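Inspection log for the structure reproduced underneath, given as structure tokens.
The values are calculated or read from the model by the stated rules, or taken from the named source; none is laboratory data. On a predicted model such as this, the values are computed, not experimentally measured, just so you know. All Cβ positions, even for glycine, are placed from backbone atoms using ideal geometry, and neighbour counts span all protein chains on display. Each accessible area value is taken on the protein alone, full model and side chains, heavy atoms only, with ligands, DNA and RNA left out. Shrake-Rupley method; radii C 1.70, N 1.55, O 1.52, S 1.80 Å.
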Amino acid sequence: MEEKLLEYARMLVRVGLNVYEGQTLVISCPVECAYFARLCAKEAYDAGVREVVMNWHDDAMARIKYLYADDTIFDEVAEWREKFFNGYAKQGAAYLAISASDPENFKGVDTNRLIRAQQASGKALKDFDRLQMCSGFPWCIASIPIPSWATKVFPGCSQDEAMEKLWDAIFASVRINGDGKCVERWQQHLDTLHTRMEKLNHYQFKTLHYTNSLGTDLTVELPEGHIWEAGDDKTLSGRPFIANVPTEEIFTSPLKTGVNGVVYSALPLSHNGSIIDQFHFVVKDGKIVEAYAQQGQEEIRAAIAVDEGASYFGEVALVPYDSPISNQKILFYNTLFDENAACHIAFGEAYPCLVGGQEMSKEELKARGLNDSITHVDFMVGTPDLNIVGTTHDGREIPVFVDGNFAPGL
């Protein structure tokens with residue numbers, strides 16, 4: 001176990017973030033995961049970083065705050081927090097987020113408080129968010145187990161057994177088995193993703209049409225000059241990094257006003273400390289005009305009302321149903337993993353997936369048809385019978401997905 005933990009920390013710091021000598025590293029981490037943050041910090045210092053700066057958070061304290069704090073504080077962001085995130089982002093510091101939380105930590109919390117806090121944060125941290133979306137600094141999101149999360153994923157197990165099972169599932173997902181060769185396996189994986197990415201970019205599809213037996217019948221128009229991205233990315237200065245560990249997706253951004261039809265969720269969504277399940281959207285000219293959920297209807301409607309752009313889409317991502325995460329047949333209740341087990345779509349902010357998009361301003365991206373929002377929420381739409389047909393600008397129809405997986409030749 002110790003060898004796997006060290007290998008994981010080394011991979012996140014040296015491959016995921018690809019830190020360089022003299023750089024600053026910011027780590028956001030739950031207090032329960034302090035031991036792993038320390039391993040990452042030690043590895044970063046060994047790699048030559050100038051300083052590791054910690055941003056601690058705690059599920060229990062966050063829940064207490066949202067239940068009992070004075071109502072006015074949810075419209076404010078502390079000045080130190082604004083300077084902390086925006087300042088380090090502008091400096092080009094690397095950012096590691098260790099994502100581990102109770103999927104139902106905010107169950108019963110007033111959704112209005114959550115939305116207002118998100119709106120206030122979006123305004124205060126707009127420089128951080130903008131630079132993160134355009135890869136202005138290297139960032140990486142990864143996870144390790146905590147008891148409240150593990151027992152939700154494996155409800156029939158003791159806490160110790162659930163933690164062990166979740167560790168095994170995470171190590172399998174991030175290609176670590178203790179032999180020290182995970183970097184080699186990651187490079188092979190990235191090569192596979194890039195080969196498919198290049199084929200999709202060659203087609204330059206005008207639209208994608210999604211259908212499955214759940215009832216999804218959705219047409220997604222793609223903007224002119226769009227590009228597909230996959231696996232790793234590059235900062236504005238040209239240094240490669242991997243934003244999500246694990247990652248199985250190839251993704252691009254849709255035309256804001258070019259999405260029409262109905263789309264059904266394929267898996268539950270853990271969002272803002274609540275679980276939303278069996279939901280679907282009706283979409284017209286890009287805007288979600290109707291939203292229904294068997295569980296969490298108030299929460300899903302709140303999520304798409306955070307701002308004007310929250311009811312439009314910002315990402316479409318292709319993930320084969322036959323993939324290392326999906327094949328484990330585990331519902332992680334953590335979007336980092338669940339989005340990499342199935343094709344997904346995100347409502348909210350668009351990634352700048354255009355030729356030259358990284359260097360474009362917000363206004364330029366909006367003029368090219370991309371969505372702008374302070375939120376970005378992935379939800380899973382992939383099923384074993386999902387079919388996606390791409391239509392080129394000259395009218396050819398090309399199978400992209402057949403029965404949940406990439407079509408032959410892709």
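Laid out as a table, the results:
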{"read-out": "Residue tally, condition surrounded by fewer than 21 Cβ atoms within 10 Å (Cβ to Cβ) and in contact with a helix residue (DSSP H, G or I) (Cβ under 7 Å, 6 or more places away or on another chain), over region 37-46", "value": "1"}
{"read-out": "Segments classed as strands (runs of 3 or more DSSP E), wholly inside region 1-102, with at least 3 members that are on the phi > 0 side of the Ramachandran plot and of a type in the set (Val, Ile, Thr)", "value": "none"}
{"read-out": "Inter-residue pairs, beta-carbon under 7 Å, first under 14 Å from residue 370 (Cβ atoms) and in region 307-320, second of a type in the set (Ser, Thr, Tyr) and in a strand (DSSP E or B), 6+ apart", "value": "316/252"}
{"read-out": "Identity of the residue in region 240-275, buried (at least 23 other Cβ atoms within 10 Å of the Cβ) and of a type in the set (Val, Ile, Thr), that ends up farthest from the chain's Cα centre (by Cα)", "value": "259"}
{"read-out": "Region 22-43 residues that are in contact (Cβ under 8 Å) with a residue 12 or more places away in the chain, paired with ones that are open to solvent by 10 Å² or more (accessible area, probe 1.4 Å) and of a type in the set (Lys, Arg) (beta carbon under 8 Å, 6 or more apart)", "value": "22/50; 23/50; 24/50; 43/10; 43/14"}
{"read-out": "All positions within region 312-338 that are open to solvent by 10 Å² or more (accessible area, probe 1.4 Å) and within 23 Å of residue 115 (Cβ to Cβ)", "value": "312, 333, 334, 335, 336"}
{"read-out": "Helices (runs of 4 or more DSSP H) completely within region 119-209 that count 2 or more residues being among the hydroxyl-bearing types (Ser, Thr, Tyr) and under 30 Å from residue 400 (Cα atoms)", "value": "182-203"}
{"read-out": "Search result, residues across region 100-118 that are closer than 28 Å to residue 229 by Cβ and open to solvent by 40 Å² or more (accessible area, probe 1.4 Å)", "value": "101, 118"}
{"read-out": "Index of the failed condition, residue 355 passing every other in (1) β-branched (Val, Ile, Thr); (2) closer than 24 Å to residue 192 by Cβ; (3) crowded, with 16+ Cβ neighbours inside 10 Å", "value": "(3)"}
{"read-out": "From the options 15, 26, 49, 77, residue that is open to solvent by less than 60 Å² (accessible area, probe 1.4 Å), modelled with pLDDT under 95 and not polar (S, T, N, Q)", "value": "15"}
{"read-out": "Positions within region 213-234 being open to solvent by 10 Å² or more (accessible area, probe 1.4 Å), out of contact with any Asp or Glu (no Cβ under 9 Å at 6 or more places or on another chain) and more than 21 Å from residue 196 (Cα to Cα), in sequence order", "value": "215, 217, 219"}
